[in-house]
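The values are calculated or read from the model by the stated rules, or taken from the named source; none is laboratory data. The structure displayed is predicted, hence computed values, not measured ones. All Cβ positions, even for glycine, are placed from backbone atoms using ideal geometry, and neighbour counts span all protein chains on display.
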């Protein structure tokens with residue numbers, strides 16, 4: 001049974017949770033939010049156990065929920081989904097305001113302020129039961145999880161990479177491919193074992209915080225596996241005649257040619273060739 005793909009068909013939204021604890025703000029991307037009652041207005045939020053945001057909510061017992069818009073800046077999703085609040089001040093990277101002491105995206109379809117009344121620990125996540133204590137509606141269309149899955153992921157990746165300084169990718173190692181020091185890169189990919197998402201951030205995967213979660217299915221960093229990619233094959237060295245520019249293209253390696261080899265164009269000896 002392919003239950004993973006079947007579960008992708010469940011309808012969700014996409015939201016940025018904002019939290020504050022001990023003077024520090026943070027947040028993450030979530031999709032598992034559901035209204036539970038009308039009177040009082042209440043909802044449940046499911047948050048990965050490994051995130052700093054979960055810890056902050058559990059200790060402070062409050063959070064904000066910004067509903068992402070259909071025309072949201074893709075960088076916002078990468079900013080809150082591809083790095084840890086333990087290491088990065090995510091809110092410093094986006095336009096936001098503060099409501100009831102909690103950070104809220106300025107670009108939102110709506111926002112809610114929530115107070116935790118109780119919680120239940122699950123295997124990989126914590127389920128928070130909350131009362132809605134404030135909020136405001138907007139005019140923009142909300143972004144759905146299905147729309148993100150179908151067309152947003154590549155845009156989010158590119159926007160996140162463009163919005164961060166370049167860094168060496170995870171798992172890259174230099175391999176000498178010639179006597180002149182030419183380099184080829186052997187790369188390793190980190191792939192989610194649950195949904196197949198391939199991490200493509202600029203921060204090396206090993207350096208991500210322990211609260212990093214898959215932006216697609218929400219599992220923790222420990223559910224990713226390293227997949228090695230073969231290094232690109234080294235191109236053969238070219239031997240070029242210094243006199244006429246002829247490029248040797250024979251089947252026998254140039255180094256193994258006899259000392260009596262001469263350039264077929266200008267007739268100079270083997271010693272007049274140089275490696276490029």
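Some notes on this structure:
- Some residue of segment 171-189 being outside any loop (DSSP other than H, G, I, E, B), at pLDDT 65 or above and not assigned by TED's automatic domain parsing to the domain that holds residue 13: yes
- Residues being more than 14 Å from residue 16 (Cα to Cα) and either assigned to a loop (DSSP other than H, G, I, E, B) or free of Cβ contacts under 8 Å to residues at least 12 places away in the same chain (or both) - total across segment 47-70: 3
- Selection within segment 1-16: residues that are touching a residue at least 60 places away in the same chain (Cβ under 8 Å) and part of a strand (DSSP E or B). The member of this set that is farthest from the chain's Cα centre (by Cα) is 13.
- Scanning segment 83-97 for residues that are in a loop (DSSP other than H, G, I, E, B), within 14 Å of residue 209 (Cα to Cα) and touching a strand residue (DSSP E or B) at 6+ places or on another chain (Cβ under 9 Å) returns 84, 85, 86, 88, 89.
- Of the residues making up segment 239-262, those that are in contact with a helix residue (DSSP H, G or I) (Cβ under 9 Å, 6 or more places away or on another chain), at pLDDT 80 or above and in a loop (DSSP other than H, G, I, E, B) number 7.
- Residue 117 being in contact (Cβ under 8 Å) with a residue 24 or more places away in the chain, exposed (fewer than 15 other Cβ atoms within 10 Å of the Cβ) and not in a loop (DSSP other than H, G, I, E, B): yes
- The set of residues from segment 120-133 being exposed (fewer than 14 other Cβ atoms within 10 Å of the Cβ) and either assigned to a strand (DSSP E or B) or in contact with a helix residue (DSSP H, G or I) (Cβ under 7 Å, 6 or more places away or on another chain) (or both) comprises 120, 121, 133.
- Selected residue [more than 22 Å from residue 36 (Cα to Cα), surrounded by fewer than 18 Cβ atoms within 10 Å (Cβ to Cβ), in contact with a helix residue (DSSP H, G or I) (Cβ under 9 Å, 6 or more places away or on another chain) and at pLDDT 85 or above] from 149, 107: 107
- Selected residue (only one of 44, 88, 33 is touching a residue at least 60 places away in the same chain (Cβ under 8 Å) and not assigned by TED's automatic domain parsing to the domain that holds residue 211): 44
- Residue match in segment 215-222 (condition: in contact with a helix residue (DSSP H, G or I) (Cβ under 6 Å, 6 or more places away or on another chain) and either within 30 Å of residue 74 (Cα to Cα) or at pLDDT 85 or above (or both)): yes
- Of the residues making up segment 263-276, those that are in contact (Cβ under 8 Å) with a residue 24 or more places away in the chain and either farther than 18 Å from residue 237 by Cα or part of a strand (DSSP E or B) (or both) are 265, 266, 268, 273, 274, 275.
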